[in-house]
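The values are calculated or read from the model by the stated rules, or taken from the named source; none is laboratory data. Given the structure is predicted, the values throughout are model-derived calculations rather than measurements. Here Cβ is always computed from backbone atoms with ideal geometry, including for glycine, and neighbour counts include all displayed protein chains.
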Amino acid sequence: MKPSPLGLAYLGFALLGSAVLGAYLYDRARPSPAADGTSPRVAAATANPASAEPPLAGGPPVPTRRPDVRLQGLDGKPHALSEWDGKSLIVNFWATWCAPCRREIPLLNRIHREYASKGFEVVGIAVDFVDDVKAYTKTFPLDYPLLIGEDDGLAAARAFGVDALAFPFTAFTDAEGRIVTVHLGELQPAQLEAILGVVADVNGGRLAPAAARGAVERALAALPPADHGTRQDP
């Protein structure tokens, strides 16, 4: 039997030492700033539908609008991101074997509870084997909707502009489905709150979508070093 792409990806990480190592290395990567002073760790789409942001982690360009990916839910039925049209989405890509991903879950559970009334919805996309995800969530529940993709989960990640196992990564959209920013690596509470503040300004008409990328960059740069999180060995 020909191994699946996800199975081959797992094998590759095993040869490196562990699957967690891959996410860890991406989380630690700090590329040099681009010529315009922005960081490649955060990429945001502009309001111009004909343009797209530069690739993340060697992937295709980040789209300007949220792709309507369709994946299996915990209920075994297919679900599309369009089910949450009209909400600002926090789309978190993760895997059960990824230590930074697991650390994010309590924070995302809290954001789901506190921001639901403000028009935000967290949606997790597990790029993992279905049985592994179901077993994990029995012990460590996720309070927010969860979609699961094995090989099709990798395709969903590419649709958001990430063509590598750079987990976790999180895409943020405004209420109209425009991608405001895609953040690579583990989110810290202050970072998440800062990004959500920018999205809220876009939704409220206080900030033009075309200016969101710069606003996210400035908001994150203004955080104290302690709020950027510490990197821990897996």
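What the table below lists for this structure:
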quantity	calculated
Lone qualifier among A157, A166 - being buried (at least 18 other Cβ atoms within 10 Å of the Cβ), farther than 22 Å from H228 by Cα and under 13 Å from the mean Cα position of the chain (by Cα)	A157
Meets criteria (under 13 Å from the mean Cα position of the chain (by Cα), surrounded by 23 or more Cβ atoms within 10 Å (Cβ to Cβ) and touching a residue at least 24 places away in the same chain (Cβ under 8 Å)) for A171	yes
Top-ranked residue in the stretch 209-230 [being modelled with pLDDT under 85 and among the small types (G, A, S); ranked as surrounded by the most Cβ atoms within 10 Å (Cβ to Cβ)]	G229
Which listed residue, of G59, G124, G76, is modelled with pLDDT under 95 and within 15 Å of the chain's Cα centre (by Cα)	G59
Count - residues of the stretch 127-143 that are within 18 Å of the chain's Cα centre (by Cα) and among the hydrophobic types (A, V, I, L, M, F, W, C)	3
Residue satisfying all of: in the stretch 85-136; among the aromatic types (F, W, Y) and under 14 Å from E193 (Cα atoms); surrounded by the fewest Cβ atoms within 10 Å (Cβ to Cβ) among these	Y115
Pair list, Cβ under 6 Å, 6 or more apart: the stretch 196-209 residue on the phi < 0 side of the Ramachandran plot, other residue assigned to a loop (DSSP other than H, G, I, E, B) and surrounded by fewer than 19 Cβ atoms within 10 Å (Cβ to Cβ)	N203/A175; P209/A47
